[in-house]
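The values are calculated or read from the model by the stated rules, or taken from the named source; none is laboratory data. This structure is a prediction, so every number in the text was calculated from the model and none was measured. So basically every Cβ, Gly included, is an ideal-geometry build from the backbone, and we count neighbours across all protein chains shown. These area figures cover heavy atoms from the full protein model, side chains too; ligands, DNA and RNA do not enter into them. Shrake-Rupley method; radii C 1.70, N 1.55, O 1.52, S 1.80 Å.
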2 protein chains.
Amino acid sequence: MTVPSGRRERKKAATRQKIADTALRLFLDRGYDAVGIRDVAAEADVAVTTLFSHFASKEALVFEQDEDFEQRLAQAVTGRAPHEPLIPALRREIEALVRHCTADSAAPIWRLVEETPALREYEESMRLRHAEALGMAIAADLGLPRTTTDCRTIARFVIDAYSLAREAADPEAALDEIFRMIEAAWEVTSSSRCTRGAVPPDGAEAGRAVTAR
Amino acid sequence: MTVPSGRRERKKAATRQKIADTALRLFLDRGYDAVGIRDVAAEADVAVTTLFSHFASKEALVFEQDEDFEQRLAQAVTGRAPHEPLIPALRREIEALVRHCTADSAAPIWRLVEETPALREYEESMRLRHAEALGMAIAADLGLPRTTTDCRTIARFVIDAYSLAREAADPEAALDEIFRMIEAAWEVTSSSRCTRGAVPPDGAEAGRAVTAR
DNA sequence: TTCGAAAAACTAACCGTTAGTGCTACGGTC
DNA sequence: GACCGTAGCACTAACGGTTAGTTTTTCGAA
């Protein structure tokens, strides 16, 4: 029950890191499909079962770093400046994420992902989880008691923006264009939210002002 | 090179159907994960390799019927009445598809899909393909020489509508709401398309009028 | 030092999927 | 009607990701 301070945690983290590094190196070297789990485990000098105790699947080895994606998006919603409208705040965060992916240092990894169907599929599945989480964050921010259709929808659109911009020839321009569309969609639904009177039943102060676009 | 008319084709189709039926029955009976490929093959009285010569994967057994999804969407775009605006036409088609899924007869299958992560993942991947195809159809309909970002974006949004509406408590209402948002997004991008002058370089007559919303 | 527990190892399998090979029945051709 | 090419299918055997079960090692705390 005590807090395991020290060596054990460090060793565990080191093992995890060694596995991830080895895997990425081999994947970039020989290609994702050409490298087996048993290869990675042998090269990292661990047992196969150990590898799977650190990573849920072979694909997860590649996306090791991007575990904070969800948190960053939620943070962009809940941690934005007071009275700052929602969509621009999300746009800024998405832009940063896209830039991070298209940066030269990360380029080989994303090329690997794009070339490998299994990895693409895995990432799509991740995106859906992210969209769901973002939808919840937006709903909470608006003070809604549950995730409504419009929150879920906008969340999907925002995640779509990330995905589409990454694949576009000019990511910045694509983001411009897509977020103009999202902005329009958001205005429609947020104005009708007022007339619908979807303010939570317990009254006034919960969440951010609904009128803040 | 002749058209193989007759028994051979019928036998092949019968084998395929028998496999699909058997698979669906077993899956609904015992659950997707509890039934192995070898079980399905044995019950359908075919070899495992035969099964895989008819279906690309275990998941494909479940989505056997919905192979015309892409075609239906493309048809909704290219085959709509002259001067009928794009988005409402798509809305009608999506509505029909959603109704088809939520109908009582298909309900057990979709419950199975929703309960099984592997099937959800597979369907997501299918949706992305559908979105890409729809984007191409839209671009072609507008007379654009290639699939632009806004076409791709609207296509994604439309597919999102399908996915979100199916999961919503009240699919009709959800479609209302989401398509209002899509309509707004489409107006923004289609009006700026005129000012951008994205008419194909070879001049006038290709495709439908850009001004038709 | 000793003990409990977490981490890692090892074995042995399960399951989806594929390659390789050969047989059989069907369809077109002479 | 006999012949031949081939499509459909069966069979074996394996590959690669993943997991269960069990045992050994390693660390932290008493």
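Numbers below:
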read-out: Test: A:SER105 is at pLDDT 95 or above and at negative phi; value: no
read-out: Positions within region A:14-33 being more than 12 Å from DNA strand D (Cβ to nearest atom) and closer than 14 Å to A:SER53 by Cα, in sequence order; value: A:ARG16, A:GLN17, A:LYS18, A:ILE19, A:ALA20
read-out: Selected residue (criterion: farthest from DNA strand C (Cβ to nearest atom)) from residues of region B:12-30 that are more than 15 Å from B:GLU59 (Cβ to Cβ) and open to solvent by less than 70 Å² (accessible area, probe 1.4 Å); value: B:THR22
read-out: Wholly within region A:31-99, helices (runs of 4 or more DSSP H) carrying at least 2 residues that are away from chain B (no Cβ under 14 Å) and within 16 Å of DNA strand C (Cβ to nearest atom); value: A:37-44, A:48-54
read-out: Any hit, region A:139-152, residues being more than 10 Å from every other protein chain (Cβ to nearest Cβ) and free of Cβ contacts under 8 Å to residues at least 12 places away in the same chain; value: yes
read-out: Matching residues in region B:180-213 - criterion: being modelled with pLDDT of 95 or more and open to solvent by less than 10 Å² (accessible area, probe 1.4 Å); value: B:MET181, B:ILE182, B:ALA185, B:TRP186
read-out: Selected residue (only one of B:ARG146, B:ARG120 is closer than 26 Å to A:ALA169 by Cα and either crowded, with 16+ Cβ neighbours inside 10 Å or out of contact with any Lys or Arg (no Cβ under 6 Å at 6 or more places or on another chain) (or both)); value: B:ARG146
read-out: Residue satisfying condition, being within 12 Å of DNA strand D (Cβ to nearest atom) and either in contact with a Phe, Trp or Tyr (Cβ under 9 Å, 6 or more places away or on another chain) or closer than 30 Å to B:ARG180 by Cα (or both), within set B:ILE37, B:ILE87, B:ILE94; value: B:ILE37
read-out: Residue in region A:125-134 that is hydroxyl-bearing (Ser, Thr, Tyr), within 14 Å of another protein chain (Cβ to nearest Cβ) and over 22 Å from A:CYS151 (Cβ atoms) present; value: no
read-out: Residue among B:THR147, B:THR78 that alone is β-branched (Val, Ile, Thr), at pLDDT 95 or above and more than 18 Å from the chain's Cα centre (by Cα); value: B:THR147
read-out: Residue list for region B:48-61, restricted to those being under 28 Å from B:LEU90 (Cα atoms) and open to solvent by 10 Å² or more (accessible area, probe 1.4 Å); value: B:GLU59, B:ALA60
read-out: Number of the condition not met by A:PHE69 [criteria: (1) within 24 Å of A:ASP21 (Cα to Cα); (2) open to solvent by 40 Å² or more (accessible area, probe 1.4 Å)]; value: (2)
read-out: Filtered residues of region A:153-163 (kept if at the interface with chain B (Cβ under 7 Å from one of its Cβ atoms) and either under 15 Å from the mean Cα position of the chain (by Cα) or surrounded by fewer than 23 Cβ atoms within 10 Å (Cβ to Cβ) (or both)); value: A:ARG156, A:PHE157, A:ASP160
read-out: Region A:164-193 residues that are facing chain B (nearest Cβ under 7 Å), paired with ones that are open to solvent by 30 Å² or more (accessible area, probe 1.4 Å) (beta carbon under 6 Å, 6 or more apart); value: A:LEU164/B:ARG152; A:ALA168/B:THR149; A:ALA174/B:THR149; A:GLU177/B:THR149; A:ARG180/B:VAL188; A:MET181/B:VAL188; A:ALA184/B:VAL188; A:VAL188/B:ARG180
